[in-house]
Amino acid sequence: MKEPTRITTQAQLDECCKELTKVLQEAIQAAVPTDEIMPKSKRWWTKELSQLQACANKLGRTAYNLRDNPDHQVYKEHKVAKNKYQNAIKTTKQQHWRDWLEKAEDLDIWAAHRIVSAPHADGGKAKIPKLKHKVGNEDLIASTNEEKSQVLTKCFFPTKPQDQGENTRVKYLKACKGVGKITREQIREQIRKTKPFKAPGPNGIPNVVLINNADLITDRLCHIYEAILERGFQHEPWKVSITVVLHKPGKLCYDVPKAYRPIALLNTMWKVLTAIVASHITFLMEEHQLLLPNHFGRRPECTTTDALHMLAHKIKETW
């Protein structure tokens, strides 16, 4: 790759982004082993279990071939190997989930609780059934994949309101100042805070690759982000996302569009930039006090406990 330099044109930005994406993809393909995910794949499975399984199976085949000799020593060896394999499965599984719970964050605990407490459902039915929807006063049914995608798109992404003209446009106040240029320390810190094994976007580069190569790509990302923020350039492929449709748990029926919800899989290097911009906006809102004092949603260091304390204080004042 070329040495990172300051980007002054849109063509330079596109070339730099394409080159960086290509190099990361080639490194992933060359250095990261690919595991074939099977329906019975288990997170807690280890190489030791594979070895114990192979040993038990081998002794089992030998015992079957010597089935005419029931007093042979191989029967005892097979029983010992089988018990050792089954006990190893039990202890490995318990240890894996115990370690997971000890390292789990709040969001992981809530996600596990939601999955465990949800009613039983048929997880094998991955296909979306025929969807009932309305067009005006007419009831219709979407049966093909194209019709279903159009119905779900209309439900997930409402139509943008039409522009009413120059006279009705909102006049914004003067922009706040207080945030300087994006720094390399901000990029490293934001990469460090990303969750490593989230699903990647269309370019197939997961967060763990950025985390492990932060020192190598920070300078290039700094020049790219500066060009995007200061010069208004955009690399269109980074803005492409994959929308995955998930069913909402606990619904009585799934033949209506509102029983589903979307998640967007964005390109990870674009997500790092948007997270840094969001932190800048949060800083400006707090620095210039642009939010009401009783606004708690999505604000740093504002929790449900703070809202309850304020509510209790207001109730006490009214008495």
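A single entry from LYS82, LYS42 fulfils the requirement of being under 30 Å from GLN95 (Cβ atoms), surrounded by 12 or more Cβ atoms within 10 Å (Cβ to Cβ) and more than 31 Å from the chain's Cα centre (by Cα): LYS82. Which number in (1) over 14 Å from the mean Cα position of the chain (by Cα); (2) of a type outside the set (Val, Ile, Thr); (3) in the same structural domain as LEU20 (by TED's automatic domain parsing) marks the one condition that ALA175 misses? Here ALA175 clears every test but (3). Only one of the numbered conditions (1) surrounded by 13 or more Cβ atoms within 10 Å (Cβ to Cβ); (2) outside any helix (DSSP H, G or I); (3) modelled with pLDDT of 90 or more; (4) within 23 Å of the chain's Cα centre (by Cα) is violated by PHE233, and that is (4).
Kindly indicate the residue of the range 237-258 that is more than 21 Å from the chain's Cα centre (by Cα) and either small (Gly, Ala, Ser) or in a helix (DSSP H, G or I) (or both) and also surrounded by the most Cβ atoms within 10 Å (Cβ to Cβ) among those meeting that condition.
Just the residues of the range 237-258 that are more than 21 Å from the chain's Cα centre (by Cα), to begin with: 250-258.
Right, trim to either small (Gly, Ala, Ser) or in a helix (DSSP H, G or I) (or both) and you get 250, 257-258.
On the way: GLY250: 11, PRO257: 19, LYS258: 12.
Checked the range 237-258; the qualifying residue surrounded by the most Cβ atoms within 10 Å (Cβ to Cβ) is PRO257.
Taken over the range 16-51, residues that are small (Gly, Ala, Ser) and farther than 24 Å from ASN212 by Cα amount to 2. VAL256 falls short on exactly one of the conditions (1) modelled with pLDDT of 90 or more; (2) closer than 30 Å to ALA214 by Cα, and that condition is (2).
A quick yes/no check of all residues on (1) of a type in the set (Phe, Trp, Tyr); (2) assigned by TED's automatic domain parsing to the domain that holds THR21:
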position	(1), (2)
LEU210	no, yes
GLU226	no, yes
LYS251	no, yes
TYR254	yes, yes
TYR260	yes, yes
HIS288	no, yes
THR305	no, no
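Say we look at the range 111-142 and pick out the residues that are farther than 20 Å from VAL244 by Cα and in a loop (DSSP other than H, G, I, E, B); which of these is modelled with the highest pLDDT? Restricting to residues being farther than 20 Å from VAL244 by Cα and in a loop (DSSP other than H, G, I, E, B), the top hit is ASN137. Every condition in (1) modelled with pLDDT of 90 or more; (2) assigned to a helix (DSSP H, G or I) holds for PRO262 except the one numbered (2). Within the range 143-162, the residues that satisfy the criterion of being in a helix (DSSP H, G or I), of a type outside the set (D, E, K, R) and free of Cβ contacts under 8 Å to residues at least 60 places away in the same chain are ASN145, SER149, GLN150, THR153.
Need a quick list: helices (runs of 4 or more DSSP H) entirely within the range 1-108 having at least 1 residues that are more than 28 Å from LEU216 (Cα to Cα).
Values: elements: 10-31, 47-65, 74-103.
Of the helices (runs of 4 or more DSSP H) lying wholly inside the range 1-108, those with at least 1 residues that are more than 28 Å from LEU216 (Cα to Cα) span 47-65, 74-103.
The values are calculated or read from the model by the stated rules, or taken from the named source; none is laboratory data. Predicted model only: the values in this text are computed from it and were never measured. Neighbour counts are summed over all protein chains in view; Cβ atoms, including those assigned to glycine, are modelled from backbone coordinates with ideal geometry.
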